[in-house]
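The values are calculated or read from the model by the stated rules, or taken from the named source; none is laboratory data. The model shown is predicted, which means the values in this text are computed figures rather than measured ones. Reconstructed Cβ throughout: ideal geometry from the backbone, glycine too, with neighbour counts over all protein chains shown. To get the accessible areas, we keep the full protein, side chains included, count just its heavy atoms, and leave off ligands, DNA and RNA. Shrake-Rupley method; radii C 1.70, N 1.55, O 1.52, S 1.80 Å.
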Amino acid sequence: MSKKSQEILELYKSKVMPTYSPSVVLASGKGVTVRDVDGMTYYDFTSGIGVNNVGYCHKKVVQAVQDQAAAMLHCSNLYVNTPATLLASKLVEISGLGGKAFFCNSGAEANEAAIKLARKWGSANGGRYEVVTMRQGFHGRTLATVAATAQAWCQEGYDPLPVGFAYADYNDLESVKAAVNDKTVAIMLEAVQGEGGVTPATDEFMKGVRALCDEKNLLMIVDEVQAGMGRTGTWFAWQGYDVKPDLFTCAKALGGGLPMGALISNAKLADVFTASAHASTFGGNPVAAAAGLAVIDVIESEKLLENATKVGNLLKEALQGFVDQYDQLLAVRGKGLMLGLVVDGDAKEVVDAFKAQGLLALTAGKNVVRFLPPLTLAESDLEDPIDMISDALDCTFGK
């Protein structure tokens, strides 16, 4: 590590609260790679934790941001701005739900909005307020979304947490049924659990939850913060199942690198939020919305949904080859370019070995390595990263 990197890291540690433990100082990114201040280039298979779905500094996104920034950086929601209006229309269109959108700044805020809307609807439908969420799920870091996240590591030290949540086992419909009672207003889940281990829902589970919601007059909420915007080969992961939620959330990749979150409803719930019922000062910021429109344009024009499926299958096959080779690797799972490599041991050790070779990846829980490369990753881009993975696994586990 150079003196420059060391100085920046030391300043970071002295001035920024230690909620993360970074060891690399990044300076720039282009496409599927990033470069640190020392000039070291990495393949980024994190996409900024699922944000840079169309790669770093895509020219259409950069141009859209520059043009809108020159015209208007911010517009109060007391007035209408065109980019946010067009983005809302596009999200409703590609979702096929026929409802409306609410804009905010992040995935946690989008999930908070979904919970509030569900309670608002429930208060007029029997006074119900409780939301059933899944163990090993993840929904954000606000107090309400921490309470919705049924994982002890996320909740420790924040008691008393907000009430109104019950927990069930993922991919276990009987467990969900057992958690439903006369206070239940909604069932909230990820179609692919991200932080919880890159675990897709089964087709039977998704259909079973939808049927249960229909039977009990509950709302089905799908958290698409990490899996959405094309990552699994469809615009939203729930579209890979023969179901439609009542509400879903998205964020991360939506803004192309700028803070942007959204809650999208079906027609039934489109007008539950009325004037002053909920708000977000920066929600629908015109620059972020312009970036979001550019992201959708890139995904459509470059056929990145199809690419996520095609290249994701190739990467999954390569990872399966390593599973077959090493006893310490137990499985590969996921959809599209949202993949998890299950390790018999500490996944962080493997992630660190990848970084040493020039590949950035993530953990998902203690024993899963998570891959979230940009959807622009081409088949021709795979050779070097796969070689890096091979070398890192050889160094870690031996042949």
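N77 label point, 7 Å along Cα→Cβ, cut-off 18 Å on backbone N: hits in segment 292-310?
From segment 292-310, the list is 292.
For segment 144-212, compute the orientation-averaged projected area of the C-alpha convex hull (one quarter of its surface), in nm². Don't jump to the answer; show the numbers that get you there.
Details: hull surface 19.7 nm².
Dividing the Cα hull surface by four gives the mean projection, 4.9 nm².
Quick one: net charge around K183, please, counting Lys, Arg +1 and Asp, Glu -1 for every other residue with C-beta under 13 Å from its C-beta.
Details: positive: R119, R128, K216; negative: E130, D182.
Neighbour charge sum, excluding K183 itself: +1.
Please give the FRET efficiency for K268 paired with A211, using the beta carbon to beta carbon distance and R0 = 22 Å, rounded to the nearest 0.05.
On the way: r = 17 Å, r/R0 = 0.77.
It comes to 0.85.
If you line up the long axis of helix 3-15 against the longest principal axis of the chain, both from Cα atoms, how many degrees apart are they, to the nearest 10?
Helix 3-15 sits at roughly 30 degrees to that axis.
Among G292, H58, G233, which residue has its Cα positioned farthest towards the positive end of the charge dipole of the chain, with +1 placed on the Cβ of Lys and Arg, -1 on the Cβ of Asp and Glu, and the dipole taken about the Cα centre?
G292
Highest mean first, what order results for 312-318, 365-371 on Cβ atoms within 10 Å? Kindly include the intermediate steps, with their values, before the conclusion.
Details: 312-318: 17.1, 365-371: 21.9.
Sorting 312-318, 365-371 by mean packing, highest first, produces 365-371, 312-318.
Treat every Asp and Glu Cβ in segment 1-142 as -1 and every Lys and Arg Cβ as +1, leave all other atoms uncharged, and give the resulting dipole magnitude about the Cα centre to the nearest 20 debye. It would help to have the intermediate numbers written out before the result.
Details: 16 positive and 10 negative charges, 50 e Å.
The calculated dipole for segment 1-142 is roughly 240 debye.
Rounded to the nearest 10 degrees, what's the angle between the helix 347-357 long axis and the longest principal axis of the chain, both from Cα atoms, 0 to 90?
50 degrees
Let me check I've understood the local charge: for A144, count other residues with C-beta under 9 angstrom from its C-beta, Lys and Arg +1, Asp and Glu -1. What total comes out? Don't skip to the answer; put the middle values down first.
Working: positive: K116; negative: E112.
Net charge in that neighbourhood comes out at 0.
From the P(r) of segment 32-170, could you give the percentage of C-alpha pairs in the tail past 23 Å? Mind showing how you got there, number by number?
Numbers: 5466 of 9591 pairs.
Here the tail beyond 23 Å accounts for 57 percent of pairs.
Run the simple label-point estimate for E302 and K15 please: 7 Å along Cα→C-beta, distance reported in nm.
Computed distance between label sites E302 and K15 equals 3.3 nm.
For segment 115-180, state which GluC sites (Glu not before Pro) are in a DSSP loop and have at most 11 other beta carbons lying within 10 Å of their beta carbon. All intermediate terms of the calculation are to be shown ahead of the outcome.
On the way: sites: E130, E156, E174; in loops: E156.
Of the GluC sites (Glu not before Pro), the ones in loops of segment 115-180 whose Cβ has at most 11 other Cβ atoms within 10 Å are E156.
Counting only protein heavy atoms, what percent of the accessible surface of the chain is carbon or sulfur at a 1.4 Å probe? Could the numbers behind the result be given before it?
Values: 9180 of 17440 Å².
It is 53 percent, rounded to a whole number.
Mind telling me which of A277, A114, A168 comes out most flexible in a GNM of the chain, alpha-carbon contacts under 10 Å?
Looking only at A277, A114, A168, the biggest GNM fluctuation is shown by A277.
Ignoring everything except DSSP H segments at least 4 long, calculate the 222 nm mean residue ellipticity for the chain; use -39,500 (n - 2.57) per segment, divide by total residues, nearest 500.
Working: 13 runs with 156 residues, N = 399.
Result for the chain, helices only: -12000 deg cm²/dmol.
Straight-line reach from K3: which lysines fall under 22 Å, measuring Cα to Cα and dropping same-chain residues less than 8 apart?
K13, K15, K355
Taking the Cβ-Cβ separation of R35 and A70 as r and a Förster radius of 41 Å, what is the calculated FRET efficiency to the nearest 0.05?
Details: r = 27 Å, r/R0 = 0.66.
Once rounded, the FRET efficiency stands at 0.90.
Taking 18 Å as the cut-off for C-alpha to C-alpha distance, list the pairs among K100/K244; K100/K207; K207/K252; K60/K335 that go past it. Before the final figure, lay out each step's value.
Working: K100/K244 15 Å; K100/K207 24 Å; K207/K252 26 Å; K60/K335 27 Å.
Too far apart for the 18 Å limit: K100/K207; K207/K252; K60/K335.
For segment 1-103, with equal point scatterers placed on the C-alpha atoms only and solvent neglected, what are the log10 I(q)/I(0) values from the Debye formula at q = 0.10, 0.13, 0.22, 0.23 1/Å, to two decimals?
The calculated log intensity ratios at q = 0.10, 0.13, 0.22, 0.23 Å⁻¹ are -0.49, -0.76, -1.16, -1.19.
Where does the charge balance sit around G345 when Lys and Arg score +1, Asp and Glu -1, over other residues with C-beta under 12 Å from its C-beta? Display every interim value, and only then the final one.
Working: positive: K348, K366; negative: D327, D344, D346, E349.
Surrounding charge for G345 is -2.
Dipole magnitude of the chain about its Cα centre, charges +1 at Lys/Arg Cβ and -1 at Asp/Glu Cβ only, in debye to the nearest 20?
The dipole of the chain has a size of about 1140 debye.
Using θ = phi - 60° and the Karplus curve 6.51 cos²θ - 1.76 cosθ + 1.60, what whole-Hz ³J(HN,Hα) does each residue of segment 179-191 get, with Gly and Pro shown as x?
Calculated HN-Hα couplings, in order: 7, 7, 9, 6, 9, 6, 10, 7, 10, 10, 7, 9, 5 Hz.
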